[in-house]
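Right, one structure below, let's go through it.
The values are calculated or read from the model by the stated rules, or taken from the named source; none is laboratory data. Quick caveat: nothing in here was measured; it's all calculated off a predicted structure. We place every Cβ from the backbone using ideal geometry, glycine too, and count neighbours over all the protein chains shown.
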């Protein structure tokens, strides 16, 4: 039985090979492949699709809204630059999660001198010494920030989340994708490294 002319027209209309591509319906792997081939609309769709997740993670890791906004923008910029290096060994969302965590870590490192609150003893000494004590405390925080920047990135990330933001090791493991035992090991190494570097810098 021959198909009717109307049926043939409907089928042809449904196929519509010249119809615009609906990027919002494409999966992440397809968008990644197209973006790596130079499709700017695919890259834009990837960014737009994952903006809410990136911003939510940044706000979770960084309590300061402005810092979180900077980190989210930095993470999306890194996505655009580093996408050609993405080899697909993990899900795209996992890869972007790590980019965002690293961006948050870098923002926190840049702000560590401002974030590090002096201990009560430091505040007492500062009050007793007046302006000179305040300068000394500020210099100590600056030294701490410089030493933190010299640590291995993974160690710096763990020590910031643990000591600056009061994360549990389970939360650190979830945010960074590393095992809890590794996070504990990195925290131990980071504290020892900070102590040694601070001792060397302050005794120089």
Matching residues, the range 50-60, being within 22 Å of residue 83 (Cβ to Cβ) and touching a residue at least 12 places away in the same chain (Cβ under 8 Å): 50, 51, 53, 54, 55, 57, 58
Every pair of residues 6+ apart whose Cβ atoms lie under 6 Å, when the first sits in the range 148-161 and is at positive phi while the second is in a helix (DSSP H, G or I): none
Any pair with Cβ under 8 angstrom, 6 or more apart, that starts in the range 29-49 at a residue that is within 18 Å of residue 97 (Cα to Cα) and ends at one that is modelled with pLDDT under 90 and not in a helix (DSSP H, G or I): 29/88; 32/88
Any chance residue 28 is under 24 Å from residue 95 (Cα atoms), under 38 Å from the mean Cα position of the chain (by Cα) and either at pLDDT below 90 or loosely packed, with under 11 Cβ neighbours inside 10 Å (or both): no
Residues that are buried (at least 19 other Cβ atoms within 10 Å of the Cβ) and more than 19 Å from residue 167 (Cβ to Cβ), drawn from the range 55-70: 70
Answer residue from the range 93-104, given it is touching a residue at least 60 places away in the same chain (Cβ under 8 Å) and surrounded by fewer than 19 Cβ atoms within 10 Å (Cβ to Cβ) and is farthest from residue 175 (Cα to Cα) among those: 93
Residue match in the range 120-137 (condition: within 30 Å of residue 72 (Cα to Cα) and either modelled with pLDDT under 75 or not assigned by TED's automatic domain parsing to the domain that holds residue 67 (or both)): no
Selection from the range 68-111 of residues that are part of a loop (DSSP other than H, G, I, E, B) and either under 15 Å from residue 154 (Cα atoms) or in contact with a helix residue (DSSP H, G or I) (Cβ under 8 Å, 6 or more places away or on another chain) (or both): 86, 88, 91, 111
Unique match (being at pLDDT below 90, surrounded by 17 or more Cβ atoms within 10 Å (Cβ to Cβ) and within 11 Å of the chain's Cα centre (by Cα)) among 75, 108: 108
